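Accompanying notes for the structure given below.
The values are calculated or read from the model by the stated rules, or taken from the named source; none is laboratory data. Here the structure is a predicted model, which is why all the values come from computation and not from measurement. Using ideal geometry, Cβ is built from the backbone for each residue, glycine included, and neighbour counts are taken over all protein chains shown. Heads up: the accessible areas ignore ligands, DNA and RNA and are worked out on the full protein's heavy atoms, side chains in. Shrake-Rupley method; radii C 1.70, N 1.55, O 1.52, S 1.80 Å.
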Amino acid sequence: MSDRGHPMKTYDLLIAGCGVSGKSAARLASFLKREFVLLDEADSPEIRDFAASLPHAPAEVLIPWKNTDPLPFRFRTAVLSPGIRVTNPLFGNIRAASDSIMGELQFAAQAAPDCPLTGITGTNGKTTTTELTTALFQAAGDRAESAGNIGAGLSDGIMAYRRGEVERLIVEISSFQLEHASSFPVDEAAVLN
């Protein structure tokens, strides 16, 4: 309920954060024609232009959003960028307004559960190993691409998979990206030291 006794509007999806992961998730939400709200603590012409450029526009754009302010809507799912740490008051406000919370990796993987994913994480050597693994799959004849922490968000890779442009994604995964994932199924995984 809102503070006036009226039910709060509920949206399907909140995309919180407009960095690389957040923009990637917003592009996927737009591609899937999901009803979503875009939120960021910062305001800039670049963020506004990005929101306006999406083919299926967000229902609401909440920028700039003060991290201590409660959210004006409810959400079935909130997709958090890795930059929104659990110590940020915004995280608590998102959790209070959302039925479930996940990171961009989990959101993307759910959009194409049949997409072969190879996950690479660890302390050192993730980018080199991801690039090498991608090159090995390509040399074997697979249409493989790198995604995740290596440049393009996984959501962008999932869109390419759904369009038939790639057949496998090699995902560089940072610990920050895993922080908000309750599950992230991969076909193969490497944990580097």
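Here are the numbers for the structure shown:
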{"read-out": "Looking only at the stretch 55-76, and only at residues there that are in a loop (DSSP other than H, G, I, E, B) and within 14 Å of A97 (Cβ to Cβ), the one that is least open to solvent (accessible area, probe 1.4 Å)", "value": "L71"}
{"read-out": "Test: R168 is modelled with pLDDT of 95 or more, open to solvent by less than 40 Å² (accessible area, probe 1.4 Å), of a type in the set (D, E, K, R) and over 18 Å from G17 (Cα atoms)", "value": "yes"}
{"read-out": "Residue list for the stretch 130-150, filter: open to solvent by less than 40 Å² (accessible area, probe 1.4 Å) and of a type outside the set (A, V, I, L, M)", "value": "T130, T133, T134, S146, G148"}
{"read-out": "Flag for A160 being more than 20 Å from the chain's Cα centre (by Cα), of a type in the set (G, A, S) and farther than 22 Å from I101 by Cβ", "value": "no"}
{"read-out": "Leading residue by the ranking (surrounded by the most Cβ atoms within 10 Å (Cβ to Cβ)) among those in the stretch 25-53 that are at pLDDT 95 or above, of a type outside the set (D, E, K, R) and in contact with an Asp or Glu (Cβ under 8 Å, 6 or more places away or on another chain)", "value": "A25"}
{"read-out": "Condition broken by L90, with the remaining ones in (1) assigned to a loop (DSSP other than H, G, I, E, B); (2) open to solvent by less than 50 Å² (accessible area, probe 1.4 Å); (3) within 22 Å of L14 (Cα to Cα) satisfied", "value": "(1)"}
{"read-out": "Selection within the stretch 37-54 - of a type outside the set (G, A, S), in contact (Cβ under 8 Å) with a residue 24 or more places away in the chain and part of a helix (DSSP H, G or I)", "value": "I47, F50"}
{"read-out": "Within the stretch 137-158, tally of residues that are within 27 Å of R34 (Cα to Cα), among the hydrophobic types (A, V, I, L, M, F, W, C) and out of contact with any Leu (no Cβ under 8 Å at 6 or more places or on another chain)", "value": "2"}
{"read-out": "First in the stretch 87-98 and more than 14 Å from L39 (Cα to Cα), second anywhere and part of a helix (DSSP H, G or I), Cβ under 6 Å, 6 or more apart", "value": "none"}
{"read-out": "Cβ pairs under 9 Å, 6+ apart, first in the stretch 128-145 and at negative phi, second among the basic types (K, R) and open to solvent by less than 80 Å² (accessible area, probe 1.4 Å)", "value": "T134/R168; F137/R168; D142/R168; R143/R168; A144/R168; E145/R168"}
{"read-out": "Looking only at the stretch 29-85, and only at residues there that are closer than 18 Å to D156 by Cα and of a type in the set (V, I, T), the one that is nearest to the chain's Cα centre (by Cα)", "value": "V79"}
{"read-out": "Condition broken by M102, with the remaining ones in (1) open to solvent by 10 Å² or more (accessible area, probe 1.4 Å); (2) in a helix (DSSP H, G or I); (3) closer than 22 Å to G151 by Cα; (4) not hydroxyl-bearing (S, T, Y) satisfied", "value": "(2)"}
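Table: residues versus (1) farther than 27 Å from R95 by Cβ; (2) in contact with a Lys or Arg (Cβ under 8 Å, 6 or more places away or on another chain); (3) of a type in the set (D, E, K, R).
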| residue | (1), (2), (3) |
| --- | --- |
| R143 | yes, yes, yes |
| L154 | no, no, no |
| I158 | no, no, no |
| R168 | yes, yes, yes |
| S174 | no, yes, no |
| S183 | no, no, no |
| N193 | yes, no, no |
